[in-house]
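To start, the structure under review is shown below, and the notes come after it.
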Amino acid sequence: MPEHLISEHRFELPATDPRTVLRLVGEAADAWGASWKSRGDRGLWLRLPVMAGVRHGWVAGEVEVETATGGSRLVYRVDDSEYHLDKAAVFTLVLAALGALVSIVGPFVPGLVRLMPIGIMLTIAAWLFIVGRLRNSGPEEFFADVVDELAEETDGGG
């Protein structure tokens, strides 16, 4: 993969044992349906399922726990990814765009006036069925879950 496509995500943590952080990452990965392999006491390889609007796929890379001033730092270096379009959602959105166009142009073109209600219905249907269900889940959300779990474990332990 070209180097310009490598992305890095960093998350600051309170001072924590790296093994504890990696254990929590592994547990969260199992809960998310991700695959992972241990790479020793300070790292692991993670392949994470992701959703980005009408795209879905996966990202993969190395997770490391580094020592930092006042705590630890969790670093995820994504070095490979693959995304696919949800073709049904894209098709529905294209129909909605056509419906919106008919609704906008309809008052100026006498032949389209009778199609305006259909255009409005297509636009509203796309909003309710597609746009309302769009979700984003990726490394940021995944590691936010890990940080929250770490905070709960730390609070519960002390």
Given Cα positions, please report Rg to Rh for the chain, the hydrodynamic radius being the Kirkwood one. 1.21
Binned at 5 Å starting from 0, the alpha-carbon pair-distance distribution of segment 85-158 in whole percents comes out as 3, 15, 15, 12, 9, 9, 7, 6, 6, 6, 4, 3, 2, 1, 0
Towards the positive end of the charge dipole of the chain, with charges on Cβ (+1 Lys, Arg; -1 Asp, Glu), say which of Val90, Ala151, Gly53 has the farthest Cα. Val90
Suppose every Lys and Arg Cβ carries +1 and every Asp and Glu Cβ carries -1, with no other charges. What dipole size does the chain come out with about its Cα centre, to the nearest 20 debye? 980 debye
Mind ordering 50-61, 104-115 by average Cβ neighbours within 10 Å, highest first? 50-61, 104-115
At what distance in angstrom do the alpha carbon centres of segment 84-105 and segment 26-73 lie from each other? 35 Å
Stretched out fully, how many nm does the piece from Met121 to Phe91 gain, at 0.36 nm a residue minus the Cα gap? 9.2 nm
Using only DSSP helix segments of four residues or longer, with each worth -39500 (n - 2.57), what per-residue ellipticity at 222 nm results for the chain after dividing by its residue count and rounding to 500? -14000 deg cm²/dmol
What accessible area per residue, rounded to a whole number of Å², is obtained for segment 63-158 using a probe radius of 1.4 Å? 64 Å²
Nearest-20 debye value, segment 19-67 charge dipole, Cβ charges on Lys, Arg, Asp, Glu: 120 debye
In the chain, taking the dipole from +1 charges on Lys and Arg beta carbons and -1 charges on Asp and Glu beta carbons about the Cα centre, the listed residue (Gly70, Leu44, Gly111) farthest towards the positive end is Gly111
Give the carbon-plus-sulfur fraction of the accessible surface of the chain in %, rounded to a whole number; probe 1.4 Å, heavy atoms of protein chains only. 61 percent
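The values are calculated or read from the model by the stated rules, or taken from the named source; none is laboratory data. Everything numeric here is computed off the predicted structure, so don't read it as measured data. Backbone-built Cβ (ideal geometry, glycine too); neighbour counts: all protein chains shown. The area values use the complete protein model at the heavy-atom level, side chains included, leaving out ligands, DNA and RNA. Shrake-Rupley method; radii C 1.70, N 1.55, O 1.52, S 1.80 Å.
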